[in-house]
1. Would you kindly identify the strands (runs of 3 or more DSSP E) lying entirely within the range 25-122 that contain at least 2 residues that are touching an Asp or Glu at 6+ places or on another chain (Cβ under 8 Å)?
2. Looking at Lys314, is it surrounded by fewer than 16 Cβ atoms within 10 Å (Cβ to Cβ), modelled with pLDDT under 95 and not hydroxyl-bearing (Ser, Thr, Tyr)?
3. Could you please find all residues in the range 169-203 being crowded, with 24+ Cβ neighbours inside 10 Å and among the aromatic types (Phe, Trp, Tyr)?
4. For Arg322, state whether it is in the same structural domain as Thr97 (by TED's automatic domain parsing), basic (Lys, Arg) and surrounded by fewer than 17 Cβ atoms within 10 Å (Cβ to Cβ).
5. Within the range 58-73, track down each residue that is surrounded by 19 or more Cβ atoms within 10 Å (Cβ to Cβ) and not β-branched (Val, Ile, Thr).
6. Considering the range 245-265 alone, what residues qualify as being more than 15 Å from Ser176 (Cβ to Cβ) and out of contact with any helix residue (DSSP H, G or I) (no Cβ under 6 Å at 6 or more places or on another chain)?
7. Starting from residues that are within 24 Å of Gly168 (Cα to Cα) and free of Cβ contacts under 8 Å to residues at least 60 places away in the same chain, keep the ones in the range 292-303 and report whichever is surrounded by the most Cβ atoms within 10 Å (Cβ to Cβ).
8. May I ask you to say which residue of Leu106, Leu66 is out of contact with any Phe, Trp or Tyr (no Cβ under 8 Å at 6 or more places or on another chain), closer than 22 Å to Ala315 by Cα and among the hydrophobic types (A, V, I, L, M, F, W, C)?
Amino acid sequence: MHVISRRLAVARFAFAFALCAMATLPVHSQTAAYPTKPIRMVVTFPPGGSADAVVRMLVPRLNEKLGQQVVVDNRPGAGGNIGLTVVAKAAPGDGYTLGVGAAGALAANSSLYAQMPFDPQKDLKPVSMLAAIPFVIIGNPSVAAKTQKDLVALAKAQPGKLSIAHGGNGTAMHLSAALFAQMADVKLVEVPYRGSGPAALDVLAGQVPLAVVDLPSALQHIKAGKLVAYAVTSPQRLPMLPDVPTVSEAGLSGYDSTGWFGVVAPAGTPDAVVARLNAEITAALNDDAIKTAMRNLGVEPAPGTAQAFDAYIKAETQKWSRVIKTANIKLD
């Protein structure tokens, strides 16, 4: 009887062990084999823009390395909130629905909108930053200021008289203009446009004296002498405009306002899946041909770890919250 009891005990233990192993096997196997089906990449920008172009540059390489198709799904609108809501509400967090969002939806919108359809900190998981987008402060040559120092002096002499255009309410260009005004202690009339290109064209035509725009919208006109470039908003000078100082260098020490966008996944996506995606995206961003193509678009590749991207989003959220509160910017 004792022998039989021992055998039954051993059998029960073996059966229980097998059940535990079977319970954990699917999760492990799913993570190890990821991906096993196409991946949906929700891009919060319309087709044809720089962010959309960068994603489509990366897709062929990701298809090859991941062994599955990455399908781009453009969902623009509401400063990125529409597209990232799709990602935030995707279930489960298994890495098959990803999003490409920018500083607005991931860091600023929670301060700009009275109500958000998702919580960027709780409902999304950073995967990888993709690119940084420097801006440039431009002016029509008729403006009686040839340097940033001149511009600040002119604005102080004419408070509330100088207008500055930007690419739209709540955009990084809008916030760049607000931060500039705060740090320079000047009052500017902010004029929203539907994109960077139209804003640059109206400065060129003399319809508005100043603007904060992305580099591709203004570069050829700056080089032709048709627009004045006062400063770039990034922490370092730009290779395409080596003689144009940064805002910080030109007198507003510590100024830094760079647009950016990156990949996020739904909260709960396994760390191993995030690590796999991050590794492949990082390798693609470090490819010389892709880096050159991105820089030709006026964006700078910004590879890094998921943890670094997470920390950057948190820092940007705090920074823009202060700027938005001070400027009393609200979006409905």
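1. Per the criteria, 39-43, 70-74.
2. No: the conditions fail for Lys314.
3. The one that is crowded, with 24+ Cβ neighbours inside 10 Å and among the aromatic types (Phe, Trp, Tyr): Phe180.
4. Criteria met by Arg322.
5. Leu58, Leu62
6. Once the filter is applied, which keeps residues that are more than 15 Å from Ser176 (Cβ to Cβ) and out of contact with any helix residue (DSSP H, G or I) (no Cβ under 6 Å at 6 or more places or on another chain), the range 245-265 yields Pro245, Glu249, Ser253, Val263, Val264, Ala265.
7. Among residues in the range 292-303 that are within 24 Å of Gly168 (Cα to Cα) and free of Cβ contacts under 8 Å to residues at least 60 places away in the same chain, the one surrounded by the most Cβ atoms within 10 Å (Cβ to Cβ) is Arg295.
8. Result of the check over Leu106, Leu66: Leu106.
The values are calculated or read from the model by the stated rules, or taken from the named source; none is laboratory data. Remember, predicted model here, so these are calculated numbers, not experimental data. Methodologically, a virtual Cβ is constructed for each residue, glycine included, from the backbone with ideal geometry; neighbour enumeration extends over all protein chains shown.
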